[in-house]
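Please read through the structure below; I'll follow up with questions.
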Amino acid sequence: MATDELSSKLNRRLQIEDGEHEPVALDEAHENGAHEKAATTSADSELGAKLQRRGELNEGVGEHQQPSMKVFNPYTEFKEFSRKQIKDMEKMFKQYDSEKDNFIDLMELKLMMEKLGAPQTHLGLKNMIKEVDEDLDGKLSFREFLLIFRKAAAGELAEDSGLHVLARLSEIDVSTEGVKGAKSFFEAKVQAINESNRFEAEIRQEQEEKKRQAEERKQRQAAFKELKSAFK
């Protein structure tokens with residue numbers, strides 16, 4: 001039996017060497033090894049790509065998928081309003097932003113309208129927010145709050161709307177039209193220059209006012225020191 005088995009194995013090996021039969025087990029092992037090697041190579045390639053991507057982001061070469069938040073500047077975006085008007089609007093916004101989260105939600109808007117003497121229904125308040133709620137978050141950002149006054153100045157609010165009532169009762173004068181209200185290109189150009197000059201003049205006035213207040217504070221401190229030294 002042992003001799004027959006050994007003879008059979010030798011005969012099988014000779015047939016494989018002569019090319020009459022294919023070494024199935026060997027080929028399968030080789031094929032499996034090739035698949036494993038390809039999978040490993042693919043994984044290594046994917047990992048390498050991720051590491052390279054992370055390195056580029058850390059070095060500032062690549063760009064993140066999420067876009068960066070654009071910085072909002074009310075003075076440049078709402079040029080139709082003076083700095084004083086915008087500061088008055090900001091003061092009003094902060095006055096009713098009771099949670100100090102830089103938003104006015106429905107309940108805070110409800111309180112605002114009650115304080116202004118024009119209470120609104122729940123549905124009316126929701127409609128007020130909806131009319132200027134560009135990001136659809138159900139509350140008013142400062143930019144969206146400014147849109148109320150822009151629409152009011154442009155005559156885009158219905159007189160019986162809650163937003164029109166808010167703008168009218170806020171005691172903020174928004175009757176001045178901006179560059180968009182000019183009738184022609186040349187008028188727009190002139191008004192744009194005037195807007196720029198007005199903007200610079202307002203900044204100078206603010207700086208002069210701060211200097212005046214600082215000087216008065218300095219004089220009061222000197223007078224206090226002089227009075228204090230008199231009692232020594």
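Here, each number is a calculation from the coordinates, and none is a lab measurement. Everything numeric in this text was worked out from a predicted model, so none of it was measured. Here the Cβ is made from the backbone with ideal geometry for all residues, glycine too, and neighbour counts use every protein chain on show.
Calculate the FRET efficiency for Ala222 and Tyr75 from the Cβ-Cβ distance with a Förster distance of 35 Å, rounded to the nearest 0.05.
0.45
With 28 Å as the limit, write out which pairs from Lys87/Lys139; Lys87/Lys110; Lys84/Lys139; Lys151/Lys210; Lys100/Lys126 have Cα-Cα distances beyond it, or answer none.
Lys151/Lys210
Sticking with the crude label model, points 7 Å out along Cα→Cβ, report the distance from Arg168 to Glu206 in nm, one decimal please.
Reported label-point gap for Arg168 and Glu206 is 3.1 nm.
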